[in-house]
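These notes are about the structure you will find just below.
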Amino acid sequence: MSRRLRFLATVILLLFAVVAAQSANLQFFRSKALDASPLNPRNSEASTNAPRGKILAADGIVLADSVTTGKGQNVFRRIYPLGALTSGIVGFSSPTYGTWALEAEYNNYLSSHTQPAQSFEQLLAPTSAADSVTLTLNTALQRVAAAALAGRDGAVVVLDPSNGNILAMYSNPTYNPVPLTSSSYSVAKAAWTKDNKKNAEGFPPLGVVATQQTFPPGSTFKVLTTSAVVALQPQLLLKTYPSLVTTKLPDTTQTLSNYGFGRCGGTIAEMLPPSCDTGFALVGLDVGGPDMSKMADSFGYNEVPPIDLPGAVASNFPPAGYFTNHLPQLAYSAIGQENVRTSALMNALVAGAIGNGGVMMTPHLMNYVTGPDGTIIKRYKPTVWKTPLTAAQAGQIVPLMVDVALYGTAYGVFPTADDVAAKTGTAQVGNGAKNTDDWMIAFAPANHPTIAVAVVLPFQATEKTGALVAGPVIRCVVEGALAIQSGKPPPADPTCPK
C-alpha cells in the first residue's frame, strides 16, 4: 500500500513540476511572442476595435489609416490609399495575420495605448489613443520609381546619403494589402496564399526585393575593388595592367574574358570607366583575399543593414580564408561575380558612402512620430553606420565614377548638367536565355550629392547590359529626384513611363 502511495505521490509531484515548468515557460520565455501573436484575441480585437494611428509620407500623403465599419465588434478596418505602390514598405495590419513591415516595426506607436497624463483627471482616468508615424518617403518619387520599372521584376532604392533618409523604395512584384485587412478569414487567407506564392522568377509579392533579395552585383562591385586599392594598397593605383581580351587565372586552366570579348587594360583610372573585367580581375588578385574581404566588410557586407524595416538580409562576400585555395574565385569576386551577392539597399548605401565622403549613414524610413494632439514625441536622429573610407580616399573615387557617366559604360544615360557619378553592372548568372542581372548605381550632384540610387533588374536577356536595362530606369529616377528636390514636378520626359 505504502509503495503505491509513494508512486502516486511521485507522479503527482512530476505533474506539478511539468505545470510549473510550462507556467514559467509561458510567463518568462514565450510571453513576448504570445503577447505579439496575431492569434492572441486581445491583439486581433485591438486591431479592429480601436483606430490605429496614421502612417504618412514626407509630403503629408496618408499611406495607412483606420476607418469605421460600424459592424459589430469589427468597428475599424485599415485602409491603404496608395495600395500596392507603398505596400512593400508600409505593410498591413490584419485581424488574421497580424502586422507586417512598418505596421509591425512601429506597432507600439500605431496601436492604441495609454497616453501620458496631461491633467489630474487623466492621471486618475488614463486615456488611450494611437500615435501617427511620418516617413521620409516621397510619394511623387515613389511613383517615378514604380513607373520606370514598368511592371518588371526588380527594385529601386533612393536615399539621401547625408542622413540615410529613404526617399523612395519600390520593389516588384508587389501586392494589394486591402484583402489582408478583411474581417473574413477566407478572404484574408486567399490573399495570403496568393501573395506568398513565388512568381516565375522566384519572388513572392509579400517579399521586398529591395531589401530581402540579393544578386551578383557585377561590375558595380568594382567601386569596392577600387576602394580596396585606394584605402589599403594605394601603390596599385600607379600600376599599368596589360591590354587583354582574356586573362589566365592562377591554379587553373580557367580563363576570364571581357564582356563582348573587347580588349582593355591600363591603370585603375583608365579601366573603371570602360569597366575592364580582365584588368579588375588582376587587380583583385594583386589586392589579395584578406584586403578584399576587409574592404567588403568595412562597407557593411556580411551584416544585415540596420534599416527600420523587418526582413532585411545581409549582402555576402567570402571571408579571407576562403580565397587561400580559391584564387580563380578571387578574380571573379573582384568583378562582382562568383560568391558575391548584394541587395539593392546595400548597393545604394555603397554609392551613398562614396558620395558622402566615405561615411555610410544608417538607412531609415521613420522621420518622426506624433501624438494624438499632433505634438512630435519622437524624431529620428541620423547616425553613422560605417566609415569605410576617409574623405580624401572617397574623393579619389568620385571623379572615376563621374568619368563612367561622361565617357564610360554609362555614357549617354544622364544629361551632363545633372553632374552624375555612376557605375554600371552586368552580372552573368547562367540562367538560360535570361542570363544577366542588370545594375546601375549613381549619386548626384557628384561633388555634393543629395541622392544616391541603386537599380537592379534581374534575369534579363543575355544580350542586355546594365546600361541598356537599368540605365533608363535610373535616369528617370535621378531626373525626378533632382526636380522634386528643387520644388518642381518630375520632368515630362517622353522616354520615362508616365
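The values are calculated or read from the model by the stated rules, or taken from the named source; none is laboratory data. These figures come from a predicted structure and were not determined experimentally. Because the Cβ atoms are built from the backbone with ideal geometry, glycine has one as well, and the counts that use them run over all protein chains shown. With ligands, DNA and RNA removed, areas are computed over all heavy atoms of the protein, side chains included. Shrake-Rupley method; radii C 1.70, N 1.55, O 1.52, S 1.80 Å.
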Sorted on mean Cβ neighbours within 10 Å (highest first), peptides 154-167, 253-266 come out as 154-167, 253-266
Heavy-atom accessible area per residue of the chain, all protein chains kept, 1.4 Å probe, expressed in Å², is 44
Rounded to the angstrom and largest first, Cα extents along the principal axes for region 276-429 equal 62, 42, 32
How much of the accessible area of region 117-251, in percent, comes from carbon and sulfur atoms when a 1.4 Å probe is used?
-> 57
Solvent-free Debye scattering, log10 I(q)/I(0), computed from the Cα coordinates of region 250-326 at q = 0.12, 0.17, 0.19, 0.23 Å⁻¹ | -0.49, -0.84, -0.95, -1.08
Region 404-417 - phi-based ³J(HN,Hα) in whole Hz, Karplus 6.51/-1.76/1.60, Gly and Pro as x | 4, 6, 7, 10, x, 5, 9, 4, x, 6, 10, x, 4, 5
Per residue of the chain, what 222 nm ellipticity follows from adding -39500 (n - 2.57) for every DSSP H run with n ≥ 4, rounded to the nearest 500?
-> -10000 deg cm²/dmol
Each residue of region 174-191 in turn: what ³J(HN,Hα) in whole Hz from Karplus with 6.51, -1.76, 1.60 and θ = phi - 60°, glycine and Pro shown as x?
-> 9, 8, 8, x, 4, x, 5, 8, 5, 6, 7, 4, 5, 5, 5, 5, 4, 5
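Using a 10 Å cut-off on Cβ atoms, rank the peptides 459-471, 88-100 from the highest mean neighbour count down.
Listed from highest to lowest mean packing, they are 88-100, 459-471.
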Could you give me the ³J(HN,Hα) list for region 379-389, computed from phi with Karplus coefficients 6.51, -1.76, 1.60 and θ = phi - 60°, whole Hz, x at Gly and Pro?
-> 10, 5, 10, x, 9, 7, 9, 9, 10, x, 9
How do the peptides 315-322, 355-362, 215-222 rank, highest first, by the average count of neighbouring beta carbon atoms within 10 Å per residue?
-> 215-222, 355-362, 315-322
Of T69, T86, V384, farthest towards positive along the dipole that unit charges on Lys, Arg, Asp, Glu beta carbons give the chain = T69
More than 20 Å apart: what percent of Cα pairs in region 356-498 qualify?
-> 58
What's the carbon and sulfur percent of region 338-410's accessible surface, probe 1.4 angstrom, rounded to a whole number?
-> 53
The chain: Rg to Rh, with Rh as the Kirkwood radius over Cα pairs = 1.07
Can you give the angle from 0 to 90° between the axis of helix 139-149 and the longest principal axis of the chain, with both taken from C-alpha atoms, to the nearest 10?
-> 60
Entries of K222/K386; K222/K464; K54/K378; K222/K248; K294/K386; K423/K464 with Cα pairs more than 21 Å apart = none
Computed magnitude of the charge dipole of the chain (debye, nearest 20; Cβ of K, R +1, Cβ of D, E -1) | 1580
Sorted from largest down, what three extents in whole angstroms do the Cα atoms of region 124-270 have along their principal axes?
-> 75, 43, 31
